[in-house]
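Let me begin by presenting the structure, written as structure tokens, before commenting on it.
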Amino acid sequence: MNGRERILAVLRGEAPDRLPLMPITMQFAAAQVGVNYRRYATDYTTLAAAQVHTARKFGFDYVSCISDPAREAADCGAEIVFFEDQPPAFREQEALLADKARLARLRIPDPFGGGRMTDRVRGVALLSEQVAGEKMVEGWVEGPIAQAADLRGISRIMLDFFDDPQFVRDLFGFVIALELKFALAQLEAGAEIIGIGDAAASLAGPAIYNEFIWPEEKKLVDAIHSAGGLVRLHICGNTGKILEGIGRLGCDIVDVDYFVSMKDARAGTGGNQVLLGNINPVATLRDGSPDEICRSLAECRAAAGNKYIVGAGCEVPRDTPEQNLQALCDFAGNALLIG
């Protein structure tokens, strides 16, 4: 089996030849080809070269266009701060929608209009050209609360849930239309799976998640499925209190961060959900020994069962020793199916 076939086998409930391997590498991939992160995040040819090089070197089953959360918001007009060797960032106090009235005048940017969204779409197309049929090609969009926070500011949007819930609903409506348009452009360019990054969902609490965020995530997941794409949900942080809702979204893959045990993730999302993760990317993957990494992964796999994909709880840190990442890869290659 090649990487693409391996991932699809697990998603279909079939037996792969080994466990699929889908760790998130961004800064690590840039370092592998000796470029600073600003270039990686702003030049799709560099990103694609780094992804293909890293995936082939370590035997990953996919490549991804994830780089930073500041693409959609940048094309909407948000002020983005760029650094030479760190991901781009937002100025919280100068958020595009610090004045809520601006939402009525905001227009959805064209993913093919030449901005940062276009750079990602071109990255998908280039990756598809280079590894189509060999490895799964992953596009990426922001989820409803993550993008709302990018546009409004995380502190403001959290207060808005209580102070102005109608504004939140209006903003989410804009965000879902924006992200779906971006996702469809990436699917058209050759992506087979779309990652949805919705990190701020873990900060909202179960009541707000169930009332406001879950319905919007569901709309996005269903729309991507209707367009023929697969969905990977990535929510950083402690999702323990929203696992049941996550399990009802119908995502093809759910990433589990290390704050939640894989045992709890399996129980919370149900027996059919494919789970990915979830060793601590710093304390275990970067700072641990190869033996510790393999033991932690074995515990994750035992709790998750066969509907499991190997990866860390979040991004592989840039300064992770190669032998440690290789241990993660070797585990995927050597693990046998359970039962």
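The values are calculated or read from the model by the stated rules, or taken from the named source; none is laboratory data. Keep in mind the model is a prediction, meaning the values are calculated, not measured. When we count neighbours, we look across all protein chains shown, and the Cβ atoms used for this are built from the backbone with ideal geometry, even at glycine.
Below is a table of values for the structure above.
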read-out	value
Unique match (being modelled with pLDDT under 95 and surrounded by fewer than 22 Cβ atoms within 10 Å (Cβ to Cβ)) among 39, 91, 102	91
Any hit, segment 188-201, residues being over 17 Å from the mean Cα position of the chain (by Cα) and more than 30 Å from residue 5 (Cα to Cα)	no
Scope segment 38-52; condition without any contact (Cβ under 8 Å) to a residue 60 or more places away in the chain and over 18 Å from the mean Cα position of the chain (by Cα); matching residues	38, 39, 46, 49
Evaluation of residue 185 against (1) surrounded by fewer than 20 Cβ atoms within 10 Å (Cβ to Cβ); (2) in contact (Cβ under 8 Å) with a residue 60 or more places away in the chain; (3) in contact with a helix residue (DSSP H, G or I) (Cβ under 6 Å, 6 or more places away or on another chain) (one fails), failing number	(1)
Subset of segment 1-35 (residues that are closer than 21 Å to residue 51 by Cβ, loosely packed, with under 15 Cβ neighbours inside 10 Å and without any contact (Cβ under 8 Å) to a residue 12 or more places away in the chain)	34
Filter pass, residue 216 being over 22 Å from residue 68 (Cα atoms) and part of a helix (DSSP H, G or I)	no
Selected residue (criterion: farthest from residue 125 (Cα to Cα)) from residues of segment 188-220 that are crowded, with 22+ Cβ neighbours inside 10 Å and among the β-branched types (Val, Ile, Thr)	213
Complete set of residues in segment 132-177 that are of a type in the set (S, T, N, Q) and either in contact with a helix residue (DSSP H, G or I) (Cβ under 8 Å, 6 or more places away or on another chain) or crowded, with 24+ Cβ neighbours inside 10 Å (or both)	147, 155
Tally, over segment 253-285, of residues that are in contact with a Leu (Cβ under 6 Å, 6 or more places away or on another chain), crowded, with 22+ Cβ neighbours inside 10 Å and not β-branched (Val, Ile, Thr)	2
Contacts under 8 angstrom Cβ, first residue in segment 101-115 being under 13 Å from residue 182 (Cα atoms), partner surrounded by 11 or more Cβ atoms within 10 Å (Cβ to Cβ) and of a type in the set (Phe, Trp, Tyr), 6 or more apart	108/174; 111/182
Unique residue being in contact (Cβ under 8 Å) with a residue 60 or more places away in the chain and small (Gly, Ala, Ser) when the list is 197, 240	197
